[in-house]
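Reviewing the structure listed below.
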Amino acid sequence: MAFLELIGLTKKFGDAAAVSKVDLAVEQGQFVCLLGPSGCGKTTTLRLIAGFLTPDGGEIRVGGRVLSRAGSSEPPERRNMSMIFQSYALWPHMTVFENVAYGLRLRRLPKTEIQSRTDTILAVTKLHMLRDRYPGELSGGQQQRVSLARALVVKPETLLLDEPLSNLDANLREEMRIEIRNLHDQFRYTTVYVTHDQTEAMTTADLVVVMNQGGIDQAGSPEDIYKRPASEFVARFIGGTNILRGIRMGNDAVKCANGLVLRCDSGDFAAAGETAVSVRHHDIELKAERPPGDTNVVSGTVARQIYLGSHRDYLVEIEGGEKIRAVAPVSVDMPTGKSVWLYLAPEHCRALAR
Amino acid sequence: MTSATLTAQRRYGFDFSRPVFVLLALLLCLLVIFPMFWLVYYSLRDTAGHFTLGNFIALVADPTMVRAFWITGLMALGVGLLSTVVATPMAWLVARTDLPGRRIVRVLVLASFVTPPFLGAIAWEILAAPNSGIINVVYRWMTGNEAALVNIYTFSGIIFAIACYTFPYVFTLVANALDRVPSDLEEASSILGAGWTTTLRKVTFPLVLPAMLAGALIALLQALTLFGTPAILALPAGFHVITTKIWSLFQFPPQPGLAAAAALPLLIVTVLLLRGQKWILGRKGYTVLGGKSGAPRITKLGAMKWPAFALVGFILSLTVIFPYAALIKAAFTQNIAEPLTFASLTLQHFQFVFFEYSAARLAMWNTMLLGLLSATAVTALVLVISYIVTRRSFKGAAILGFLATAPIAIPGVVLGVGLFLAYANPTFMLYGTLWILFIAFLTIEMPAGYQQMSSSMSGIHTDLEEASRIFGASRLKTLWLITTPLLKTSIIATWCFVFIGTIRELSATILLTTANTKLVSVVIYDLNESGNLGAISVLGLTLLAISFAVVFVAQRVPLMSGSRLQARG
């Protein structure tokens, strides 16, 4: 049995459902990322798990015990969870030490244990020099680490993180990302991490849950999500992609309006109507001559080329007027206006029924 | 299995917040609705306890009563008008020009704010009574004239004396509005070719007009519901206003039904005026949106600088400097009219008040006791109420906010009547105890305390509290460990505010006090009847000194350094 289970979880604000019928099972010690654009319901889901909100339908179970259900929920203080807030939520009237020791004091542990556990975690998070400072006297990165230390010192069963890195600058963000994952590997608590940044999700999580409009679009390993997106939304949101639409042709191909036939090695075809085909930017080959074969080849004109040092970013207008974005090695240099051929290899074409 | 575990856990750690909510709701209903219920009830009963409209008929039939209503209305209009006319230019000069000493002006306006109106009225008695008033004495001495120059015991005198202590309302509102008008609105007007007077007339003035009207309404409302100043100045002048009339209905033989009936129109007018004020201030499009757009533009006065300074100085002399000087002189000299010489100095008034006059000592003790109790109780109450309301922890939490603000619409005299009717009966027997005064102060001070506390409370990020919850603290524990320490400054401010408000209250107190439960404000009023102005001045100055001391001490208590509070989040 999974450790943390969401079963048909639903939350409405007024008439609008912020989260609707979400099912998710998280194993003990797993690192899960809820990923999605703003307004997709990921933060609401996290706050439901934390117990700050009471669901309107469905259940939340931890270790088989029901913590939340429609109309009743165990208060946050009795869930044995920890949370890291986007704003860090450090109490400005307490020192670093007091902030970190707060949870232990509430658990009425002996003074010596509070002291030693707090000092240990402060050392792990490299904060021991700052223990008597107030949060107002710390930098953003230091505040972030205090909030991390405060969340970890209580040895929670479950750690919740609400966009914890969004207030940091880029370098620090990468460093903290790795630190968060390392601490997780060290202590092995079940972690639910909310973010809108796909790189954050890909680099930290065991299980990425892509959310859209209050529901889960796809849950899987980072590789699953990237290589085998289940929907157009996921394909677009993770990594960026080109979407071409057409009618299913035979068993494994899609015919687009401009005559282009794309054979797809993977994915699901829509039973009726249009099927979308996703091809990643860097999976498209740009050629000056027409490549051999009848399918997966289309001609076009270079509409824009940007030199980016490690590669070139092309925008190609293909027959029928659609624009395709392709990333090519620096050596492939085609000026704007030039006629080119695009090869979209079948193994990189993924058919998407949704 | 699931529902069993859930209930079992609920029992294990009982959440107190819901019972607290219910208790508070009941308490507020008791404070606000109960006395108002009895007010309406008594106004509709005759002495035998039957339903009647007789009280209202008697009200309309009594020409002295109708006259009191008229006089009150005219007086309030006069005060509203005078306050606005005086305060608006002054606010503009202070907020938007290079007038010398602008900060001192603000401080002095604040001082007239803090002065209890009844004390100001007495100060003006000392200054402008027709015979003994210092101004008239000096005038006669200088001109040899026999007549009096000014007489405070007149209709216009009363308007003046009240306006001295209501103009700060208009001043503060208009000055704040002017501070908030972003300079680019005025610069936009200038760049399109308007001169500074045109800009002032067409842009700045219309933008602060709502604030001005709102201030005028408050001044008017104060005048309408004030008891002290009219009682001190109008009764010798031989006329009544509505509040003094209600008070006289409590003198022997008491006519509570009639008093209740007379109090109701005052209540209704207050509610309507406050609605009007809210409507004026709340209209969208008129409010200037918060300003990142630059500091307000300062107008150079040039040659008009010193005349303007003189004008402001003159106004402040009338409202603060002369009255305070008069009180100090009266406190230290034998006879208020005699010229100030070294030989005339005396401490006998101090000796009288502090050592000989036992009523004053009892009143001091009562006042301090009630001040401390009310301030502490109100602060604790509004802390919990505004927590529940701003955090919307329950459906219907907003009702607490409504109940806590409702007493703002109940004039002191009206509340006094209501409380008298509710508690001065054989069931409660609270009349003649300090409890009934305590209840009155709790009710009167609740709205201001609540507004102050809830606005600071909503400034605290909810994350800080949620963090505490997830680390294991219950709602109440979080309130105690996180919210309260973060609110320390506003808690102290609220406490001081309530304390100062309590020790100067007269309008409700005058109806609820008895020989054993006299307060300083009442003693001052009594002493005024017997004409002992020296003792009054000593008591009044003591009240003021305590008020200022409380503010001073509260600001100096080493709580925590400001820098620590500037943390993020």
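The values are calculated or read from the model by the stated rules, or taken from the named source; none is laboratory data. Source: prediction; values computed, not measured. When we count neighbours, we look across all protein chains shown, and the Cβ atoms used for this are built from the backbone with ideal geometry, even at glycine. Accessible surface is based on the protein model in full, side chains and every heavy atom, while ligands, DNA and RNA are left aside. Shrake-Rupley method; radii C 1.70, N 1.55, O 1.52, S 1.80 Å.
Computed quantities for the displayed model
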| quantity | calculated |
| --- | --- |
| Number of positions in the stretch B:90-144 that are open to solvent by 20 Å² or more (accessible area, probe 1.4 Å) and not in a helix (DSSP H, G or I) | 7 |
| Restricting the stretch A:28-50 to residues that are open to solvent by 10 Å² or more (accessible area, probe 1.4 Å) and touching an Asp or Glu at 6+ places or on another chain (Cβ under 7 Å), the residue that is farthest from the other protein chains (Cβ to nearest Cβ) | A:Gln30 |
| Selected residue [out of contact with any Gly (no Cβ under 6 Å at 6 or more places or on another chain), open to solvent by 20 Å² or more (accessible area, probe 1.4 Å), at pLDDT below 90 and not hydroxyl-bearing (Ser, Thr, Tyr)] from B:Phe69, B:Phe34, B:Phe21 | B:Phe21 |
| Any chance A:Val210 is assigned by TED's automatic domain parsing to the domain that holds A:Arg65, within 30 Å of A:Ala16 (Cβ to Cβ), of a type outside the set (D, E, K, R) and touching a Leu at 6+ places or on another chain (Cβ under 8 Å) | yes |
| Index of the failed condition, A:Asn99 passing every other in (1) within 14 Å of chain B (Cβ to nearest Cβ); (2) of a type in the set (S, T, N, Q); (3) open to solvent by 10 Å² or more (accessible area, probe 1.4 Å); (4) at negative phi | (3) |
| Residue count, the stretch A:83-117 (criterion: at pLDDT 90 or above and either hydroxyl-bearing (Ser, Thr, Tyr) or not assigned by TED's automatic domain parsing to the domain that holds A:Ala50 (or both)) | 4 |
| Top-ranked residue of the stretch B:461-480 - restricted to ones that are of a type outside the set (Val, Ile, Thr) and more than 8 Å from chain A (Cβ to nearest Cβ), ranked as most open to solvent (accessible area, probe 1.4 Å) | B:Trp480 |
| Failed item, numbered, when B:Ala422 is tested on (1) open to solvent by less than 10 Å² (accessible area, probe 1.4 Å); (2) part of a helix (DSSP H, G or I); (3) within 14 Å of chain A (Cβ to nearest Cβ) | (3) |
| Wholly within the stretch B:346-417, helices (runs of 4 or more DSSP H) carrying at least 2 residues that are among the β-branched types (Val, Ile, Thr) | B:358-390, B:398-405 |
| Within the stretch A:135-233, helices (runs of 4 or more DSSP H) holding 1 or more residues that are within 14 Å of another protein chain (Cβ to nearest Cβ) and over 24 Å from A:Thr44 (Cα atoms) | A:140-152 |
| Close pairs (6 angstrom Cβ cut-off, 6 or more residues apart or separate chains): at the interface with chain B (Cβ under 7 Å from one of its Cβ atoms) and β-branched (Val, Ile, Thr) in the stretch A:65-91, open to solvent by 20 Å² or more (accessible area, probe 1.4 Å) and not in a strand (DSSP E or B) anywhere | A:Val66/B:Thr2 |
| Residue in the stretch A:116-126 that is at the interface with chain B (Cβ under 9 Å from one of its Cβ atoms) and β-branched (Val, Ile, Thr) present | no |
| Top-ranked residue in the stretch B:491-540 [being of a type in the set (Ser, Thr, Tyr) and out of contact with any helix residue (DSSP H, G or I) (no Cβ under 7 Å at 6 or more places or on another chain); ranked as least open to solvent (accessible area, probe 1.4 Å)] | B:Thr514 |
| Subset tally (residues that are under 15 Å from the mean Cα position of the chain (by Cα) and within 19 Å of A:Ala2 (Cα to Cα)) for the stretch A:153-199 | 4 |
